[in-house]
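Reviewing the structure listed below.
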Amino acid sequence: MKALILAGSQEDCNLSNSCCNKALIKICGKEMIKYIIDAMKALEFIDTIAVVGPKEELLPLENHVDIIVNGGPSMIDNILKGVEIFHDDDLVLISTSDIPMITPEAIRDFVEKSLKSDAEFYYPIVRKEANEKKYPKVKRTYVKIKDGTFTGGNLVIVKVSTVKKCIKQAENFMVYRKKPWKLAQILGIGTVFKFLMGTLTIGQLEKRVSDLFSIKAQAVISDYPEIGTDVDKESDLELAERVLS
């Protein structure tokens, strides 16, 4: 399996020291992105690790990854430029660069659960109870549906050919990934109605996304909150420093 870490966009970042690339902000003396790289290196099924973003800024990472890809102005551009180095039939684990608390165990669990089914796109979701048990009082965006209350993760597994086929269609999903109401509107009035009535299920969401993009999409419930705990604000940075110290 290939791995691609997105290290370009500064959107949704409210860190006072984010004038440099967010991925390179140090936590306990180590760049945030290196925690993710090290977790991936510990997994035998990942044979290539690429980072995409402003190449000159990321040159300090060149001895830690297999390739640095010069990115573009948006997350969508970075994803497209990143997957271009792989073959169309490759499965790629795509990660943001702001989940420093991620562990090899969390990634392995997500990958193993995902590959039990035959899909083209896998996305992790974490129950609110699991998140609050490990990281109490940490504010996260949750969605309440019939199956429970969940937050989204910061990893996906996708086929390269699938990315090329539907990434432009998925642009609004990326932009509004932390705004459940906006996402529900994109999915259509029927989904909005079921969401409001509390009858929407994971299976119905999977089917709607699959129909919209003509792909087979799979939501994967993870018991590892690290997957959904990103560093976007000062309180997140303080939590990461406590956990990683």
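The values are calculated or read from the model by the stated rules, or taken from the named source; none is laboratory data. None of the values given here were measured: they were computed from a predicted structure. Using ideal geometry, Cβ is built from the backbone for each residue, glycine included, and neighbour counts are taken over all protein chains shown. We work out accessible area using only protein heavy atoms, side chains counted, and drop any ligands, DNA or RNA first. Shrake-Rupley method; radii C 1.70, N 1.55, O 1.52, S 1.80 Å.
Data table
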| read-out | value |
| --- | --- |
| Most mobile of S161, S74, S117 in a GNM of the chain (Cα contacts under 10 Å) | S117 |
| Ranking by accessible area, most exposed first, for I202, I33 with a 1.4 Å probe | I202, I33 |
| Within the chain: Cβ-based charge dipole about Cα centre, in debye rounded to nearest 20 (Lys, Arg +1; Asp, Glu -1) | 1020 |
| In nm, spacing of pseudo-spin labels at T103 and E129 (7 Å Cα→C-beta vector) | 2.0 |
| Most mobile of N63, N21, N131 in a GNM of the chain (Cα contacts under 10 Å) | N63 |
| Listed residues F121, F193, M32: farthest to the positive end of the dipole of the chain (Cβ charges) | F193 |
| Per residue solvent-accessible surface (Å²) - the chain, probe of 1.4 Å | 48 |
| Simple label model, 7 Å out from Cα along Cβ direction - M1 to K139, nm | 3.3 |
| Estimated 222 nm signal from helices in the chain, with DSSP H stretches of n ≥ 4 weighted -39500 (n - 2.57), rounded to 500 | -10500 deg cm²/dmol |
| Nearby aspartates and glutamates by direct alpha-carbon distance to K133 (threshold 14 angstrom, same-chain neighbours under 8 apart not counted) | D223, E226 |
| Cα centroid separation, the stretch 184-245 to the stretch 24-73 (Å) | 25 |
| Residues A42 and K216, FRET efficiency given R0 of 41 Å [Cβ-Cβ distance, rounded to 0.05] | 0.90 |
| Lysines with Cα under 16 Å of K144, excluding same-chain neighbours fewer than 8 positions away | K128, K178, K179, K182, K194 |
| Where labels lie 7 Å past Cα in the beta-carbon direction, separation of D88 and S161 in nm | 0.6 |
| Among beta bridges that DSSP assigns inside the chain, antiparallel share in %, nearest 5 | 40 |
| For the stretch 53-66, Karplus couplings with θ = phi - 60° (6.51, -1.76, 1.60), whole Hz, Gly/Pro x | x, x, 4, 4, 5, 8, 4, x, 9, 4, 8, 10, 10, 7 |
| Other-chain or far-sequence residues with amide H under 5 Å of I221's (modelled H) | I125 |
| Charge sum, other residues only, whose C-beta stays under 9 Å from T151's C-beta, Lys/Arg counted +1 and Asp/Glu -1 | +3 |
| Selection from N21, V92, V69, by position along the positive dipole direction of the stretch 17-155 (Cβ) | N21 |
| Additional length obtainable on full extension of the chain from S117 to V243, 0.36 nm per residue less Cα span | 42.1 nm |
| Share of carbon and sulfur in the accessible heavy-atom surface of the chain [1.4 Å probe, %] | 52 |
